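Here's the structure, in structure tokens; my notes come after.
The values are calculated or read from the model by the stated rules, or taken from the named source; none is laboratory data. Keep in mind it's a predicted model, so treat the numbers as computed, not measured. Virtual Cβ from ideal backbone geometry, glycine too; neighbours counted across all protein chains shown.
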Amino acid sequence: MSEQAIEIRDLRVDYGDFVAVRDISLSVPCGEVFGLVGPNGAGKTSTFKVLTTLMEPTYGEVSIAGLDIFEQAEEAREVMGYMPDLAPVPSDLKLWEFLDFHANTHRLGNGKERRARVDECLGLVNLLDKSDSWCKELSRGQTQRLVLAKTLLHRPKVLILDEPASGLDPLSRREMRMILQDLARQGSTIIVSSHILSELAEMCSSICVMNQGELLASGSAEEVRSQLGSAERRLTAVVLGDANPVVSWLEGRNGVSGISIDGTRASFNFVGSDEEQGRLLRDLATAKLGLRSFEEGSSSFEEILVKVAEGNRES
Amino acid sequence: MSEKSKHQAAVPAWKIWANPIVLRYARSRLRITGFGVHLMVVMLIAGFIFFAGRAAGVHQLNFDAVGAARGPIIPLLVLQGIVLFLLGTGQVAGGMTAESDEGVLDYQRLAPMTPLAKVMGYLFGLSIREWALFLATMPFTIVSVVQGEVSIRYFLQLYAVFVMAAILYHLTGLVAGTVMKNKRWAFLASMGMVFLLYTVIPQAAKFGLVYFKYLTIYPVLEEVLPFLIESRVGMVMEGYQQLVPSAKFFGLNLPQYVFTLISQAVLSFAMGLMLWRRWRKNDCHLLGKFSAVAIFAWLQAVLLGNSLPLINQGDVFPSREFDRRFGRFLETAAEGWWPAPTEALVMVGLYGLVTLFCLWAMIVLITPGTDDQMRGWRRARKFGKTRLPPLWDSATSTPWTVMMAAMGVGGWYFFAKSLMESRWYPGLDLTGGTLIAMVLVIFGGGLSMQALLEAKGKKYTGVTVLLVGMVPVMIAVIVGLNSDRLIPAAIWLAGMCPLLWPVYGAYMAIPVDDMPRDFIRAAPNAFWFWQGVVILLSGWLLVKLRESRKAIAEASKE
């Protein structure tokens, strides 16, 4: 296997006059959890469709695990697993039959061996007890988990997940996140898209922001935030009693602005590096103001995307 | 052990029974709850046909045991045809559309199977219930064949063609299902196609387009029928059967079942090629430019090859068949049969119309839309090319259209010439303007369609076809019905419709006297006038197309 699990060079996708993906290049090293984030219409799904051999781009070079996906499409399909957005399931099959069919297309042994792998994957996504249920009887979240199980069947080296958490309740989202983190620990490379940046920030080792078919920024969550020119984040200090002393303490400090108070909670915007943020909070904790906990608002991440999306509309 | 080595070797495409897609559908479509009801109904009908047919033979028709045993063979064949041809084809088309509609087709695109294995999987998987029902009725047929002492040769000939025809229709259903978006429409359209194939298309075969009958099981059925029914009736049939010509292809003289198998296998290959291309690349054209031209050439070859050898004996004329069947009753046999010139006119017109239809179908399959061209140009530029390679899907289809049109004109002219120079029309010759008329009809119709499609796209072309192809005829009918004096005006109006150009063109080639006087007076002028308009229009469209191509090439630089 090459050092880069995914390598994209000069990829372009057109739909008539509309350019969905504009000459992007990116590499995802092996074992990475890579997040692709952007507003609707950014070009994420088109990129994924090319990656998964479902669509031929206008031009560009793409390799997965060292395999040219245009020249060696069948081999590339052996090493990748794809979970589409709002993944459908057939209505005329039971859960185990659906998975067994896909295990068979990947030639995972005889019937008994396949069944063992099917049960293993169903167990992984907590659906083993529903093995004999019809696919059409599953809830949205269960369906997503079933399709994830299908994606994992052949132990792909590269997992491509398009909005895997869409339509899931918080509990299912957490379960999904844990499964993906577990897979990453086992050495799989995962590329996952979402329009919820905070969700990706929690589980991805690196992130790439796409907008209008172009790559705006890439790197760690922190690097992305600074590349997009919005190092500002919203922090909240929760105290045991009155929050006014905290407000007084915060006023005039470097990088702090927009302080507001709500009972025992003092919220403020902060601009600075992770180290500076850590130093500020440590000083606050040692200031004996009855500090109970800190929270970092996810909205600061979302605001980046909102600004990006608003920029789209204005242009 | 590496991850890769844990996987077994790929299942070859021909191993249908091990194909994962076939097994998937075997699981869902042969589930006892759903399949059981269908099986019960079919077995009840087959059982009824079997026992009722035998009983009627023995007790009502006084056949001997062997003759009575043959009774159910043909009714069972009809039942099997309904199951496999009609329901099977509908199911394949509808099932394919449903897979695409539900979105699960993308999973199969990602499956590491060869495109051919996927085609085979869907071909036999989607219709597996119908195949199972067909096989369930076979014991009744086999018992009838054995007890009826039918030669195994005839049984195998008939069923080889039957199975080949089912595969051809199912492949056509798969193509329809791949192209169409609506499950119900795909289901109905493909069933309608099979229905037309067995009702309307054989009529075309009677008018010189002999090839079309080889798309059905009729020829082989005609050939083996005397041996599948009670022997006394069979002897009468056999006498008639000897009058049915064997399949002739230019100089070759082949048994009907052999030529039918060849014809259906070639078309099945063409359908399979379309599906293979789509499984290989989701957004490519159904046919490549070269294969479209090759298929068009094959169609011209079989249309000519099947009809030309029948001209001299007179078997190509519809009235000959009519005379054979009913001549003795109408007492025309004694006078001697002779084809009327109008018959040749209709046959030549129909040949031109079918050629034009085939040309349009190929043009639709290979002509790129503006989006295709834009993508093609961008890709070409990336690879440092200054023009689109001619075999790319995104390249213009104009030269290929010209090539096919030339073949079409050649075939049409040769058919008309052979017909008119035959011993049946000693005093009649093709007019000097025949070739010009044929060139105008085929090139005008083909190139204007191609230019419109490539420059303006499918929707625009569809609306134009509707307006030019139907509205003038509708108005002409209304005008003509209002007053006899307006019939020449109606003929002028109708001449605008491309579907009628081959008929007018055929009249230009064979100006027979026994046509209505108004037609004789108005048709030539109408034809030349509208062809003049078409020349101007085609020229203008080709200029527009050139401009559009240039604009797209320029825009692709951005």
Would you mention how many residues in region B:180-235 are among the polar types (S, T, N, Q), in a helix (DSSP H, G or I) and farther than 19 Å from B:L168 by Cβ?
-> 2
Could you say which residue among B:M474, B:M470, B:M449 is closer than 30 Å to B:T396 by Cα, at pLDDT 90 or above and out of contact with any strand residue (DSSP E or B) (no Cβ under 7 Å at 6 or more places or on another chain)?
-> B:M449
Taking region A:1-22 and keeping only residues that are under 25 Å from B:P368 (Cα atoms) and touching a residue at least 40 places away in the same chain (Cβ under 8 Å), one is left with A:D10, A:L11, A:R12, A:V13, A:D14, A:V19, A:A20, A:V21, A:R22
Working only within region B:151-169, note down all residues that are closer than 18 Å to B:L123 by Cβ and free of Cβ contacts under 8 Å to residues at least 12 places away in the same chain.
-> B:V163
Among (1) out of contact with any Phe, Trp or Tyr (no Cβ under 8 Å at 6 or more places or on another chain); (2) over 22 Å from B:T355 (Cα atoms), where does B:V316 come up short?
-> (2)
Residue count, region B:124-145, condition of a type in the set (A, V, I, L, M) and without any contact (Cβ under 8 Å) to a residue 60 or more places away in the chain, comes to 3
Residue tally, condition over 14 Å from B:W131 (Cβ atoms) and within 14 Å of chain A (Cβ to nearest Cβ), over region B:33-61 = 2
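Yes or no, residue by residue, for (1) crowded, with 21+ Cβ neighbours inside 10 Å; (2) within 17 Å of B:Y257 (Cβ to Cβ):
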site	(1), (2)
B:V150	yes, yes
B:A160	no, yes
B:A186	yes, no
B:G192	no, no
Breaking point among (1) in a loop (DSSP other than H, G, I, E, B); (2) more than 11 Å from every other protein chain (Cβ to nearest Cβ); (3) more than 21 Å from A:L180 (Cα to Cα), for A:N126 | (3)
Would you pick out the residues in region A:190-223 that are at positive phi and part of a loop (DSSP other than H, G, I, E, B)?
-> A:Q212, A:G213
Considering only residues of region A:1-45 that are surrounded by fewer than 21 Cβ atoms within 10 Å (Cβ to Cβ), of a type in the set (G, A, S) and closer than 27 Å to A:R155 by Cβ, which is nearest to the chain's Cα centre (by Cα)?
-> A:G31
Taking B:T172 as the residue in question, decide whether it is away from chain A (no Cβ under 14 Å) and crowded, with 20+ Cβ neighbours inside 10 Å.
-> yes
Looking at B:V22, is it under 31 Å from the mean Cα position of the chain (by Cα), farther than 20 Å from B:G272 by Cα and assigned by TED's automatic domain parsing to the domain that holds B:P139?
-> no
Output the residues belonging to region A:80-113 that are in contact with a strand residue (DSSP E or B) (Cβ under 7 Å, 6 or more places away or on another chain) and under 30 Å from A:G31 (Cβ atoms).
-> A:M80, A:G81, A:Y82, A:M83, A:P84, A:D85
Does region B:400-407 contain any residue that is in contact with a Lys or Arg (Cβ under 8 Å, 6 or more places away or on another chain) and in contact (Cβ under 8 Å) with a residue 24 or more places away in the chain?
-> yes
Checked pairs for region B:47-67, first closer than 18 Å to B:E149 by Cβ, second of a type in the set (F, W, Y), C-beta under 8 Å and 6 or more apart or across chains, list as B:F50/B:F140; B:G57/B:F63
From the set of residues in region B:93-107 that are farther than 21 Å from B:G192 by Cα and among the small types (G, A, S), which is farthest from the other protein chains (Cβ to nearest Cβ)?
-> B:S100
Since B:F50 meets every condition but one in (1) modelled with pLDDT under 85; (2) of a type in the set (F, W, Y); (3) touching a Leu at 6+ places or on another chain (Cβ under 9 Å), which condition does it not meet?
-> (1)
Out of the residues in region B:365-375 that are crowded, with 20+ Cβ neighbours inside 10 Å, over 16 Å from B:E547 (Cα atoms) and at pLDDT 90 or above, state the one that is farthest from the other protein chains (Cβ to nearest Cβ).
-> B:I366
In region A:144-173, which residue that is assigned to a helix (DSSP H, G or I) and touching a Leu at 6+ places or on another chain (Cβ under 9 Å) is nearest to the other protein chains (Cβ to nearest Cβ)?
-> A:K150
List, please: which pairs have Cβ atoms under 8 Å, are six or more places apart or on different chains, and start with a residue in region A:164-176 that is free of Cβ contacts under 8 Å to residues at least 60 places away in the same chain and end with one that is surrounded by fewer than 16 Cβ atoms within 10 Å (Cβ to Cβ) and outside any helix (DSSP H, G or I)?
-> A:E175/A:N126
Quick one: would you say B:D315 is surrounded by fewer than 16 Cβ atoms within 10 Å (Cβ to Cβ), modelled with pLDDT under 90 and not hydroxyl-bearing (S, T, Y)?
-> no
Please determine, by comparing only the residues of region A:98-113 that are surrounded by 24 or more Cβ atoms within 10 Å (Cβ to Cβ) and among the aliphatic types (A, V, I, L, M), which one is farthest from the other protein chains (Cβ to nearest Cβ).
-> A:L99
Residues being within 13 Å of A:T52 (Cα to Cα) and among the aliphatic types (A, V, I, L, M) - total across region A:153-174 | 4
Restricting the search to region B:108-120, which residues are touching a Lys or Arg at 6+ places or on another chain (Cβ under 6 Å) and either hydrophobic (A, V, I, L, M, F, W, C) or facing another protein chain (nearest Cβ under 7 Å) (or both)?
-> B:L110, B:P112
When residues of region A:1-45 are filtered for being under 25 Å from B:R381 (Cβ atoms), outside any strand (DSSP E or B) and within 14 Å of another protein chain (Cβ to nearest Cβ), how many remain?
-> 2
Can you confirm whether region A:80-88 contains a residue that is crowded, with 20+ Cβ neighbours inside 10 Å, facing chain B (nearest Cβ under 8 Å), aromatic (F, W, Y) and within 22 Å of B:K15 (Cα to Cα)?
-> no
Check B:L87, B:L79, B:L44 and return the single one that is hydrophobic (A, V, I, L, M, F, W, C) and surrounded by fewer than 18 Cβ atoms within 10 Å (Cβ to Cβ).
-> B:L44
Of (1) more than 24 Å from B:V220 (Cα to Cα); (2) touching a residue at least 12 places away in the same chain (Cβ under 8 Å); (3) of a type in the set (V, I, T), B:I74 fails just (1)
Within region A:46-79, tally of residues that are more than 12 Å from every other protein chain (Cβ to nearest Cβ) and either part of a loop (DSSP other than H, G, I, E, B) or modelled with pLDDT under 90 (or both) = 2
